[in-house]
There are 6 protein chains.
Amino acid sequence: MQQKVAVYRKESFNAAHRLNNPLWDEEKNKIVFGKCNNPHYHGHNYDLIVKVIGIPDSQTGFVMDLKELSDIIQNNIVEKFDHRNLNEDCIEFKGLNPTAENIAIVIYNILKEKINPSLDIQVRLYETDRNFVEYPHHI
Amino acid sequence: MQQKVAVYRKESFNAAHRLNNPLWDEEKNKIVFGKCNNPHYHGHNYDLIVKVIGIPDSQTGFVMDLKELSDIIQNNIVEKFDHRNLNEDCIEFKGLNPTAENIAIVIYNILKEKINPSLDIQVRLYETDRNFVEYPHHI
Amino acid sequence: MQQKVAVYRKESFNAAHRLNNPLWDEEKNKIVFGKCNNPHYHGHNYDLIVKVIGIPDSQTGFVMDLKELSDIIQNNIVEKFDHRNLNEDCIEFKGLNPTAENIAIVIYNILKEKINPSLDIQVRLYETDRNFVEYPHHI
Amino acid sequence: MQQKVAVYRKESFNAAHRLNNPLWDEEKNKIVFGKCNNPHYHGHNYDLIVKVIGIPDSQTGFVMDLKELSDIIQNNIVEKFDHRNLNEDCIEFKGLNPTAENIAIVIYNILKEKINPSLDIQVRLYETDRNFVEYPHHI
Amino acid sequence: MQQKVAVYRKESFNAAHRLNNPLWDEEKNKIVFGKCNNPHYHGHNYDLIVKVIGIPDSQTGFVMDLKELSDIIQNNIVEKFDHRNLNEDCIEFKGLNPTAENIAIVIYNILKEKINPSLDIQVRLYETDRNFVEYPHHI
Amino acid sequence: MQQKVAVYRKESFNAAHRLNNPLWDEEKNKIVFGKCNNPHYHGHNYDLIVKVIGIPDSQTGFVMDLKELSDIIQNNIVEKFDHRNLNEDCIEFKGLNPTAENIAIVIYNILKEKINPSLDIQVRLYETDRNFVEYPHHI
């Protein structure tokens, strides 16, 4: 049986955000989220790597055309989040704290709908080059 | 005559900002600054490289102790700008558009006061890995 | 039972290639492969990361000497593909479209023969820093 | 069932080391470990990436606060190994050859004790940007 | 007098090329250019950094809008050279050996015509991350 | 008059070192050099970038063949310092504190003798990706 290949595409977006739990008071938010709780927001250059897993097509040699994958990410993720305030401008984070974990889950759920369901996907999101997350995880 | 050596230290901070000229109306700001004019802000991971130029001390072999340079940058720049909204939280940008050029000039002017005046300094600021600036320039 | 360690070695090569399916006419190739179908070729700096998985030897502390792994990759992959035209100069791609997926599979099959069969291996190939692939995939 | 997220934190330390097996004579050590056997040591900038796997907490949106993870790594790994000679200064390598594989296993075992046992962890250690290891491996 | 600021924009293109001097015979070309003389070409991911030097505009805070600089590079350089064979497809290299030095000079001369003449420019071109050039040089 | 081009080559070496001034007592060395004064040494992956400045040759299009520059650096610098203890193994640092500044000056002086004297050179040395130096400096 032919083994699967993973293909990856990296895109980037820049956004402002703030970590806050509206069910907690100001003091508890300050203690838990520290500087990330700044009410005026701070921001990041997010690097997003999307992994798509499947068998290469015998006619093209592609698991998926990475130009097409790039377009899907651009149209559905970068258009939505680039140069935005995640808390204020993005419906996806009404009632959801925009931690790197939650942003990755949101991105995964959007992309999952747009990519051929026979292909598994995974999302890696860099908030900085020292802090990053991956979803879903399969150890 | 002994030649000078340049020493460099890199530090980082994450901030939100918005490009806007308050003397212009909303439409003109939108045309000139595009997505960077988003009233709810967006953000970046800024990488800052400070260059200090001088003759190495004969006893230490240092132009300047890079641990000391790191502390100066941490205490005077990172403390001030990290996890902040440059437009809202930082007095330095009241009335000054926080373009990468202007942020670099502000940082240079702060650091110039804190570093031995016999040493020349220069500041390089990365807004993203594709957009960056340097001040002052000497071609 | 002792757990396995993965060790990795990165090497690089520069090559020209062209994506084309000889069973299709020129127009279809142009539509499917776009700029990558240029009949005069284009090229890349390929970065190759080879992962080798096993139990460290109790006497050396090595899963595999990375100097030896480097030599195997240099002698069997870099010698063969560096500064070459994959379509014109490399027998491995006669009748096989040199997509990143297919190059990774070819490299895996060559290296699998050269490395101790008790060790599992995996290949990651960067065509650019934004487009890369991994083979075999185990999610 | 909710899927797990992996979160990652990168830290760095600089250390000297020497590869040597005291059960072997000088000549055999020289043959097996080559330049890495230099009796006066050599050194590296080690980059360490720690991966922690779990379900994000519903109140914080964090698998684990990366500031806390950073502190754990700083206090238990960087404090211990940074600007040290692994062979001479570090009890962990008395009788254990400080190969990248063994350093990664030592770091894993230290961190495993310090992190909530309901969370799986994995360690990646870069000795250089071309040589790196990961422990434990699950293909 | 206000000091100048340098602003930088990085773009990328992938191309095939071959180093060859048509005035020399095959043997001499082989000796001088080695693997780079392969008649079937090889290729690179070129990274291009364009530096523009001037006084920030008092109304925008920009030396030059980096979005505009990006567009100029895309339209005049990337469009022309990306996914091309420099020797075969590009009129600029008819009779000019496409060394990194000559590619940088060609790019500089094209961009010089497209950018406000009151601004000085400089071009840095990475052929690989270990080989790169800068033009014009002012030590 | 034709303008000069700068060409750059990057090489790497790994070494142990210790900062210490033998004219000072132990306590003063500890205060001034901190962790870098560890008597058992620590180490770094040094990245070295050598810049060579000149007019491209009309027959080759090269300021200098970067393969030749690479060989000069390998034979005269990497051979000498790689996998060495700078204080113990290298005559160049007998009586000279191996700060990044002094290592860069030593490297410059060695290379200056080996490269065509009509070409200016400059050396940049990374001790880490956050600490680096350049010699000689011309602002």
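Brief remarks follow.
- Neighbour-limited loop hits for trypsin sites (Lys or Arg not before Pro), region C:51-139 (at most 14 other Cβ within 10 Å; DSSP other than H, G, I, E, B): C:LYS94
- Near F:ILE53, once Lys and Arg are set to +1 and Asp and Glu to -1 for all other residues with Cβ below 12 Å from its Cβ, the sum equals -1.
- Annotation for C:ASN116, label-to-label distances across the other copies: 3.9, 3.9, 4.9, 5.4, 6.4 nm (shortest first, one decimal, point 7 Å from Cα along Cα→Cβ).
- Placing +1 on the Cβ of every Lys and Arg and -1 on the Cβ of every Asp and Glu, with nothing else charged, gives chain D a dipole about its Cα centre of roughly 220 debye.
- Teacher prompt: E:GLN74 distances to equivalent labels in other copies, 7 Å Cα→Cβ, nm: 0.8, 4.1, 4.1, 4.1, 4.2
- Among chain A residues, the beta-carbon with the smallest distance to the axis carrying A onto B is reported, with distance in whole Å, as A:GLY43, 0.
- Here the sum of -39500 (n - 2.57) over DSSP H runs of 4 or more residues, divided by the residues of chain E, equals -7000 deg cm²/dmol at 222 nm, to the nearest 500.
- Computed over the alpha-carbon atoms, chain A gives an Rg to Rh ratio of 1.04, Rh here being the Kirkwood radius from the mean inverse distance.
- Kirkwood hydrodynamic radius of the protein assembly as shown, Cα pairs, Å: 28.5
- Placed amide H near B:ASN45: partners under 5 Å, 5+ positions off or other chain: A:ASN45
- Distance between modelled label sites at F:LEU96 and B:LYS94, nm, 7 Å Cα→Cβ extension: 5.3
- Expressed in Å, the radius of gyration and Dmax of the Cα atoms of region C:1-72 are 20.1, 60.
- Label points for E:LYS30 are taken 7 Å from Cα along Cα→Cβ. From this copy to the others they lie 3.8, 4.0, 6.6, 6.6, 7.7 nm apart, shortest first.
- Gap separating the Cα centres of region A:94-139 and region F:67-108, nearest whole Å: 46
- Backbone phi angles across region D:87-92, fed through the Karplus curve with coefficients 6.51, -1.76 and 1.60 (θ = phi - 60°), yield HN-Hα couplings of 5, 8, 9, 10, 4, 4 Hz in residue order; Gly and Pro are listed as x.
- Applying the Karplus relation 6.51 cos²θ - 1.76 cosθ + 1.60 with θ = phi - 60° to region D:114-119 yields 3J(HN,Hα) values of 9, 10, 2, x, 6, 9 Hz, where x marks Gly and Pro.
- Measuring r between the beta carbons of C:GLN2 and E:ASP129 and using R0 = 35 Å, the FRET efficiency lands at 0.40.
- Rounded to the nearest 20, the Cβ-based charge dipole of region F:60-139 about its Cα centre (Lys and Arg +1, Asp and Glu -1) stands at 100 debye.
- The lysine pair count for chain D, using Cα distances under 28 Å and pairs eight or more places apart or on different chains, is 27.
- Here the Karplus curve 6.51 cos²θ - 1.76 cosθ + 1.60, taken at θ = phi - 60°, turns the phi angles of region B:32-40 into couplings of 6, 9, x, 4, 6, 8, 2, x, 8 Hz, with x standing for Gly and Pro.
- Calculated SAXS-style log₁₀ I(q)/I(0) at q = 0.22, 0.23 Å⁻¹ - region A:55-98, Debye, Cα scatterers: -0.74, -0.77
- Taking amide H as placed 1.01 Å from N in the peptide plane, F:HIS137 has its amide H under 5 Å from the amide H of B:LYS4, B:VAL5, B:ALA6, each at least 5 places away in sequence or on another chain.
- A simple charge model with +1 on the Cβ of Lys and Arg, -1 on the Cβ of Asp and Glu and nothing else charged puts the dipole of region F:62-103 at about 80 debye relative to its Cα centre.
- The simple spin-label model puts a point 7 Å past each Cα toward its Cβ; for D:ASP57 and E:ASN109 those points are separated by 6.4 nm.
- Isotropically averaged projected area of region E:82-137, using the convex hull of Cα atoms (one quarter of hull area), nm²: 4.5
- Cα-projected label distance for E:LEU23 with F:SER12, points at 7 Å along beta-carbon direction, nm: 4.0
- Annotation: amide H of F:VAL63 within the under-5 Å range of F:ASP57, sequence separation 5 or more or interchain, hydrogens built in the peptide plane.
Bear in mind that the values in this text are calculations on the coordinates, not laboratory data. Everything numeric here is computed off the predicted structure, so don't read it as measured data. With ideal geometry, Cβ positions are generated from the backbone for all residues, glycine too; neighbour counts draw on all protein chains shown.
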